[in-house]
1. Which percentage, to the nearest 5, of the DSSP beta bridges contained in the chain is antiparallel?
2. Express the carbon and sulfur contribution to the solvent-accessible surface of the chain as a percent, rounded to the nearest whole number, probe 1.4 angstrom.
3. Order the peptides 110-121, 155-166 from the highest to the lowest mean number of other Cβ atoms within 10 Å of their residues.
4. Let's test the formula: R0 of 41 Å, r as the Cβ-Cβ distance of Q2 and D138. What FRET efficiency results, to the nearest 0.05?
5. Can you compute the charge dipole magnitude of region 28-94 about its Cα centre, using +1 on each Lys and Arg Cβ and -1 on each Asp and Glu Cβ, nothing else charged? Give it in debye, rounded to the nearest 20.
6. Per residue, how large is the accessible surface of the chain? Use a 1.4 angstrom probe and give square angstrom.
7. So what are the ³J(HN,Hα) numbers for region 96-103, from phi and the Karplus equation (6.51, -1.76, 1.60; θ = phi - 60°), rounded to whole Hz, Gly and Pro as x?
8. Which percentage, to the nearest 5, of the DSSP beta bridges contained in region 74-194 is antiparallel?
Amino acid sequence: MQKPYAESAEQNKDAILEILRQEFESCYEVLEIGSGTGQHAVYFARHLPHVRWQTSELEAHLSDIRLWLEEAALDNLPPPVLLDVGTGQWPAGQTDALFSANTAHIMSEANALQMLSGAADILKSNGRFCLYGPFRYDGQHTSESNIRFDAWLKARDPQSGVRDVTRLAAYGASVGLTLVRDHAMPANNRILVWEKSAEQTG
């Protein structure tokens, strides 16, 4: 069976890795939310050997991820697990860090907020959540290309769309996640970094 391939994952992996090297320097367990093809997981696990990189996805995509993971055969890359943020179906236990790429805009806003709630529950104290993708600020897009992308998303699925950082940050704060950094990335994307409050026990 041929492995699935996402061109975007190939294009952005090095820029993302540069940020993850900083943000996950002291993290040893990372849960990736919505691992897609599994390409990012293989690349990041290979270049961050101190991290146990746990992939996750909806049931329909788990077999695709397994193809990439089995070929890579990395000791720090265990088999993927089921995760559906919409139903609150998260893996048991807690983790040092979370990563997700290009997920918030393809799910409903309710599910994007639910992803933050779940992150607050599963992260250990002072744990980090790095969320990559395009975002708006106070209702305003950051580029013409993101305006077009948002329109395309909503034409395909009215519940999807480029999310607003102001809205996400306010909701995150309400569940114990503080937006501590906002990294500019190529192609009008960002990496938002949330940290779980030390007093938030999850």
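The values are calculated or read from the model by the stated rules, or taken from the named source; none is laboratory data. Predicted model only: the values in this text are computed from it and were never measured. All Cβ positions, even for glycine, are placed from backbone atoms using ideal geometry, and neighbour counts span all protein chains on display. Each accessible area value is taken on the protein alone, full model and side chains, heavy atoms only, with ligands, DNA and RNA left out. Shrake-Rupley method; radii C 1.70, N 1.55, O 1.52, S 1.80 Å.
1. 50 percent
2. 49 percent
3. Put in order of decreasing packing, that is 110-121, 155-166.
4. So the FRET efficiency works out to roughly 0.40.
5. Roughly 160 debye for region 28-94.
6. 47 Å²
7. For region 96-103, the Karplus curve yields 5, 8, 10, 9, 8, 10, 6, 10 Hz.
8. 60 percent
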